[in-house]
Amino acid sequence: MRVTLRDIADEAGVSMMTVSNVVNGNKARVSPETIERVRRIVAERGYVPSASARSLAAKSSRLIGLLVPAADEDSMMISPHNVAIAGQIERELRKRGYHLLLRGIAHPDEVTEALQSWSLDGAVLLGFLDEELDRLTKATIGGVRVLAVDSYSKNRITTGVRADDFAGAKLAAEHLLGLGHRRILFAGPAFSDVGVVHQRFEGFLDAFADAGLTWDDSLIETVNTTHADGLEVGRRLLAAHPRATAVFATADILAIGIMEGVADSGATVPDDLSVIGFDNLDLCAYVTPKLTTIAQDIGEKAATAVRMLIGAIETGKQPRKAVTIGVDLVERASTTRPRT
């Protein structure tokens, strides 16, 4: 049976208000002897304060929603990047006394339902298309403070945090160009004129422009960022693009699938094809060959997102500008000079 505040008060011979004050650290009007007695009984009885009661008293649920797109037939956690950042966001929230509520969104209209069905203090929107975020209004979010991760939406109510996607892709292309590659394939999802993949594509092209080179726009594979799709592309890549010597994949999990598919086709990485990814997930150091990639600091991105969101909740003011997290090249064994 759950031990209640009244049980502790009766055993200690004090009022429920006194117990509440001790439990919540309000000790100004409580004697040291009473504090010690109440604490001892709390420990002995295994009393845990009711989160719902605390929420009512503080007029705050201490609940933060994490909303992630999810197709009906797929897991919302299919992206290793989403898994990694969700874990880091939960860790940062826990340190601040908040709790995470994870929700998959199969259709953009469900965002409103998710935000308004729970007593959320705020929500992080992870992985949504900019056009989906652009449609959100103060009415549709029901007054809940929201913050977007990995977005280039101009919607002020979703101002958030992202990696420097342009600079990261430019670093990837510069690395391959520096090794002597010229026929470099770009592999990633379909994209519009805004968003994460668009920024990575523009950064990729900018490296060619800076080098005084023209990229061959036939060297592109539009593909979902999953291991299975990468595997399929890798198996036919060198047959479809026989002169390609390198590939930049917009996500590590896609790059890893491509490497395995290339191996299945009888070729080798990096001797026949150099491969570089984006994210620097832990997986990069475990595959063979180890994956060269663009590292974004997921821990810093999560901490920044949580800090910005909690600040908006506590001050009532949405951040004015998005924060961009820097990136670095991590060179491993999956890239080398092309065969002459």
query: For Leu102, which sequence-distant residues (separation of 5 or more, or a different chain) have an amide H within less than 5 Å of its own amide H, given hydrogens modelled in the peptide plane?
result: Leu66
- request: Using Cα pairs closer than 8 Å and at least 6 residues apart in sequence, work out the relative contact order for the stretch 153-222, in percent.
  value: 41 percent
- line: Excluding residues fewer than 8 positions from Lys317 in its own chain, the lysines with Cα under 19 Å of it are Lys59, Lys138, Lys154
Anisotropy class of the stretch 227-267 from Cα gyration tensor, a/c 1.5 cut: oblate
message: Antiparallel versus total DSSP beta bridges in the chain: what percent is that, nearest 5?
response: 10 percent
query: How far is helix 80-95 tilted, in degrees, relative to the longest principal axis of the Cα atoms in the chain, given as a value from 0 to 90 rounded to the nearest 10?
result: 30 degrees
task: Could you point to the residue in Ala246, His198, Ala9 farthest towards the positive end of the chain's charge dipole, with +1 and -1 charges on the Cβ of Lys/Arg and Asp/Glu respectively?
output: Ala9
- prompt: Counting pairs of alpha carbon atoms under 8 Å apart in space and at least six apart in sequence, what relative contact order in percent does the chain give?
  reply: 16 percent
field: Shape category assigned to the stretch 87-243 from the gyration tensor of Cα positions, a/c cut at 1.5
entry: prolate
message: Projecting each Cα onto the charge dipole of the chain (Lys/Arg +1, Asp/Glu -1 at the beta carbon, about the Cα centre), which of Thr335, Gly142, His227 comes out farthest on the positive side?
response: Gly142
- request: Could you tell me which of Gly261, Pro189, His107 has its Cα farthest along the dipole of the chain towards the positive end, charges placed at Cβ (Lys, Arg +1; Asp, Glu -1), taken about the Cα centre?
  value: His107
- line: Computed over the chain: longest principal axis from alpha-carbon atoms vs helix 196-210 long axis, angle to nearest 10 degrees, is 40 degrees
message: Placing unit charges on C-beta atoms (Lys and Arg positive, Asp and Glu negative, everything else neutral), compute the dipole magnitude of the stretch 153-278 about its Cα centre in debye, rounded to 20.
response: 220 debye
- request: Rounded to the nearest 10 degrees, what's the angle between the helix 32-45 long axis and the longest principal axis of the chain, both from Cα atoms, 0 to 90?
  value: 60 degrees
task: Could you check what % of the DSSP bridge pairs in the stretch 255-336 are antiparallel, to the nearest 5?
output: 50 percent
- request: Once you have a ≥ b ≥ c as the square roots of the Cα gyration tensor eigenvalues for the chain, tell me rounded if a/c is under 1.5, and otherwise prolate or oblate according to whether a/b is larger than b/c.
  value: prolate
message: Quick check: residue separation of Ile220 and Asp7 times 0.36 nm, minus the Cα distance between them. What number comes out in nm?
response: 69.9 nm
message: Let me understand the stretch 192-340 better: what is its radius of gyration from the alpha carbons, and its Dmax, in angstrom?
response: 17.7, 61
task: Enumerate the whole-percent occupancy of each 5 Å bin, from 0 to the last occupied one, for all C-alpha pair distances of the stretch 277-316.
output: 6, 22, 18, 14, 11, 10, 8, 6, 3, 1
Net lengthening on full extension, Arg45/Arg62 (0.36 nm per residue, minus Cα-Cα): 3.6 nm
- request: Can you tell me which of 35-41, 317-323 comes out highest on packing, and rank the rest after it, using the mean Cβ neighbours within 10 Å?
  value: 35-41, 317-323
Percent RCO, i.e. relative contact order, over the stretch 120-279, from Cα pairs under 8 Å lying at least 6 residues apart: 19 percent
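Any read-out appearing in this document is the output of simple, stated calculations on the displayed coordinates, not a laboratory observation. Quantities reported herein were computed from a predicted structural model and do not represent experimental measurements. For neighbour counting, all protein chains shown are included, and Cβ atoms are generated from backbone atoms with ideal geometry for every residue, glycine included.
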